[in-house]
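Student: My questions will all concern the structure given below.
The values are calculated or read from the model by the stated rules, or taken from the named source; none is laboratory data. What you see is a predicted model, and the numbers here were worked out from it, not measured in a lab. A quick note on method: Cβ atoms are made from the backbone with ideal geometry, for glycine too, and the neighbour counts reach across all protein chains shown. Accessible surface areas use protein heavy atoms only, side chains included; no ligands, DNA or RNA. Shrake-Rupley method; radii C 1.70, N 1.55, O 1.52, S 1.80 Å.
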Amino acid sequence: DMVGFAAAIYQRGVNFIQIPTTVMAMVDSSVGGKTGVNHPLGKNMIGAFHQPQCVFVDTDTLGTLPDRELQSGISEIVKYGLIRDAPFFEWQEENMDKILARDPAALRYAIKRSCENKADVVKDDEREAGVRATLNLGHTFGHAIENGSGYGTWLHGEAVAIGTAMAATMSAEIGWIDEALVKRIYDILLRAKLPVELPLDSPMDKSKFLKLMSVDKKVADGQLRLILLKGSLGNCVFTGDFDQNAMEKTVDEFVAECAGVSK
């Protein structure tokens, strides 16, 4: 994100190549041309669309990646299965242990399939006017957690995992997905050793959540829009037409035990 942003603004744009060395960068941030840096107002609030000349992925670089970073990147892999690729999600359910064990074939497949999913979406909507926004499942909640907790407290994928759990919980509260799917989502995140709830000492409370979500980049004409799951596995919607009470109830549920305790 930072290198891409530097390339986008230096001399009004210079060519660059991405060489990602984390799972997160390989399956998400190096692909698609979105670049940016964080700001107290929000995640990636200052940035540009600037496509790399190419992306060179060498999965051997993951051999020295810390476990926590590996797990963080898996949250984005899970996302692709949830929003558009049910067979991929089912494959993950069968192969998560291999991914965590850094099985070379499993890692290569997971990364390749993730990149193919993202590329399919980006080629139809490079500037995020519509369908590309679905790649942000769990991110509106997750970005609020990253910002509100202090950047660096959570890895991006960890915050997105909690956000995905929140999006699934809210989708079920509205009645758009069944509880069986919610359980599968929680189960796979937990198997990936990702968090699905806020810790007791989290500084997040309801007012902080809602304030940070209100300045999310997906807000349009003053209306918050969310990516929520709807229907069978592999389907989602990007919409501002949702039950506000369901969203607030979900936030209440997730902050109930921490309620803005100062660190």
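This table checks each residue for (1) more than 25 Å from Y80 (Cβ to Cβ); (2) out of contact with any Phe, Trp or Tyr (no Cβ under 8 Å at 6 or more places or on another chain); (3) crowded, with 19+ Cβ neighbours inside 10 Å; (4) modelled with pLDDT under 95.
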| residue | (1), (2), (3), (4) |
| --- | --- |
| V215 | yes, yes, no, yes |
| L224 | no, yes, no, yes |
| I227 | no, no, yes, no |
| G231 | no, no, no, no |
| N235 | no, yes, no, no |
| V251 | yes, no, yes, no |
| A259 | yes, yes, no, yes |
| K263 | yes, yes, no, yes |
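Student: If I9 satisfies every condition in (1) part of a helix (DSSP H, G or I); (2) closer than 28 Å to G63 by Cβ; (3) open to solvent by 40 Å² or more (accessible area, probe 1.4 Å) but one, which is the exception?
Tutor: Every listed condition holds for I9 apart from (2).
Student: Residues that are within 18 Å of the chain's Cα centre (by Cα), under 21 Å from D243 (Cβ atoms) and at pLDDT below 95: does the range 150-170 have at least one?
Tutor: There is no residue in the range 150-170 that is within 18 Å of the chain's Cα centre (by Cα), under 21 Å from D243 (Cβ atoms) and at pLDDT below 95.
Student: Also, I was wondering about something else. Go through the range 86-115 residue by residue and tally those that are within 20 Å of M24 (Cβ to Cβ) and surrounded by 14 or more Cβ atoms within 10 Å (Cβ to Cβ).
Tutor: 20
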